[in-house]
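The values are calculated or read from the model by the stated rules, or taken from the named source; none is laboratory data. It should be emphasised that the depicted structure is a prediction, and the values quoted were computed from it without experimental measurement. So basically every Cβ, Gly included, is an ideal-geometry build from the backbone, and we count neighbours across all protein chains shown.
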Amino acid sequence: MDIRSAGKTDIGLIRKINEDSYLIAADLGLYVIADGMGGHKAGDVASCMIVETMEDYWRKVKGGQPPPFLEPIEKDISDLAKHLVNSILLSNIMVHEAQKKPQYHKMGSTVAALILEEDSIWAANVGDSRIYLFHQGRLVQVSEEHSLETEQKALGIIVSDSAAGSRIKNILTRAIGLEKSVNVFITPIRPEVGDIVLMCSDGLTNYMSESGITAVIDDFSISLERKNDILIDQAKRGGGRDNISVILLEVLEGGKWNKFKKKLNL
């Protein structure tokens, strides 16, 4: 699968530091966004640790010396996908252990990560940094939301746009580093040529609607880099009270599955 990618991060209009970190490692097929937890100590340290730990992990994998699995992974997924989960589990351990230092007490982060495998992309996340697939004019969220608001909506306790929802919007039910272990959500994406995958911190989705995001991504007259600029600018116009990070990946050429479909005229 041939991929074009572009990423950008911005401090926003209010925050004094940027607690987001992102990684584009095209040679590894690895893409990561980590959003250090706002209001906690050293969120920027936590997000940076995640990015550095995952890149180091995957360089060992690609070098033929994969780290051992930290715990059994029972999910019915490929070995590469299991390594994606394992690299996030290792990041969790690293951040959790770092909290033994007083200056890092209670620091944490979200993570959203992609790894390419032949004609598929494995998407994994912990927290509320999102991953979307843009396919045939539709923007579909493929990541899982680990926030109190989302879980209470699923149970019917609160409704969208309610005052209660606004109060608990940024309370996470899962995050990297807060506990010794963490449950990682993972799912496959099988994109087609022309599809775009969007990764972002909540600094984008809290201040820009999905319809607004769709309108920008759907304009194929502008480059991925320019789309990132526009998305960040629009989020800042919408309030910009948080750091904003965006990665876009465009599928230029399909893998075996897309070639098979083309042969059969599917």
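For region 244-251, the criterion of a residue being modelled with pLDDT of 95 or more and either hydroxyl-bearing (Ser, Thr, Tyr) or surrounded by fewer than 19 Cβ atoms within 10 Å (Cβ to Cβ) (or both) is satisfied by at least one position. Out of curiosity, is residue 95 closer than 24 Å to residue 172 by Cβ and of a type in the set (A, V, I, L, M, F, W, C)? When the stated conditions are applied, residue 95 passes them.
Look through 90, 80 and report the one residue that is over 19 Å from residue 175 (Cα atoms), at pLDDT 90 or above, part of a helix (DSSP H, G or I) and aliphatic (A, V, I, L, M). Give the derivation first.
Details: 90 fails: over 19 Å from residue 175 (Cα atoms).
Testing whether each residue is over 19 Å from residue 175 (Cα atoms), at pLDDT 90 or above, part of a helix (DSSP H, G or I) and aliphatic (A, V, I, L, M) leaves just 80.
Here is the figure for region 22-37: residues that are under 12 Å from the mean Cα position of the chain (by Cα) and without any contact (Cβ under 8 Å) to a residue 40 or more places away in the chain total 1. Within region 133-153, the set of residues being of a type outside the set (S, T, N, Q) and assigned to a loop (DSSP other than H, G, I, E, B) comprises 137, 142, 144, 145, 146. Within region 218-239, the set of residues being among the β-branched types (Val, Ile, Thr) and within 23 Å of residue 13 (Cα to Cα) comprises 230, 232.
For region 169-184, the criterion of being at pLDDT 95 or above, in contact with a Pro (Cβ under 9 Å, 6 or more places away or on another chain) and of a type outside the set (D, E, K, R) is met by none of the residues.
Checking each residue in region 115-129 for being out of contact with any Pro (no Cβ under 9 Å at 6 or more places or on another chain) and crowded, with 24+ Cβ neighbours inside 10 Å picks out 115, 125, 126, 127, 128, 129.
Which of the residues spanning region 184-223 are assigned to a loop (DSSP other than H, G, I, E, B) and either surrounded by fewer than 13 Cβ atoms within 10 Å (Cβ to Cβ) or free of Cβ contacts under 8 Å to residues at least 12 places away in the same chain (or both)? Walk me through it before giving the result.
The first filter runs over region 184-223 and keeps only residues assigned to a loop (DSSP other than H, G, I, E, B), leaving 184, 190-195, 201, 206-209, 218-223.
Passing the criteria: 209, 219, 220, 221, 222.
Taking the criterion of being part of a helix (DSSP H, G or I) and touching a residue at least 40 places away in the same chain (Cβ under 8 Å), the residues of region 236-258 that qualify are 236, 256, 257, 258.
If only residues of region 1-41 that are touching an Asp or Glu at 6+ places or on another chain (Cβ under 7 Å) and farther than 24 Å from residue 224 by Cα are counted, the one that is modelled with the lowest pLDDT is 38.
For region 73-93, which residues satisfy the criterion of being hydroxyl-bearing (Ser, Thr, Tyr) and either under 15 Å from the mean Cα position of the chain (by Cα) or buried (at least 20 other Cβ atoms within 10 Å of the Cβ) (or both)? Please lay out each step first, then the result.
Of region 73-93, the ones hydroxyl-bearing (Ser, Thr, Tyr) are 78, 87, 91.
Matches in region 73-93: 87, 91.
Taken as a whole, the condition of being within 16 Å of residue 36 (Cβ to Cβ), modelled with pLDDT of 95 or more and in a strand (DSSP E or B) applies to residue 112.
Counting the residues of region 94-113 that are polar (S, T, N, Q) and surrounded by fewer than 17 Cβ atoms within 10 Å (Cβ to Cβ) gives 1.
The one condition from (1) out of contact with any Asp or Glu (no Cβ under 6 Å at 6 or more places or on another chain); (2) touching a residue at least 12 places away in the same chain (Cβ under 8 Å) that residue 44 does not meet is (1). Residues of region 16-27 that are surrounded by fewer than 18 Cβ atoms within 10 Å (Cβ to Cβ) and in contact with a helix residue (DSSP H, G or I) (Cβ under 9 Å, 6 or more places away or on another chain): 17, 25, 27. Restricting to region 20-57, name every residue that is touching a Gly at 6+ places or on another chain (Cβ under 8 Å), among the polar types (S, T, N, Q) and not in a strand (DSSP E or B). Within region 20-57, 47 is the sole residue that qualifies.
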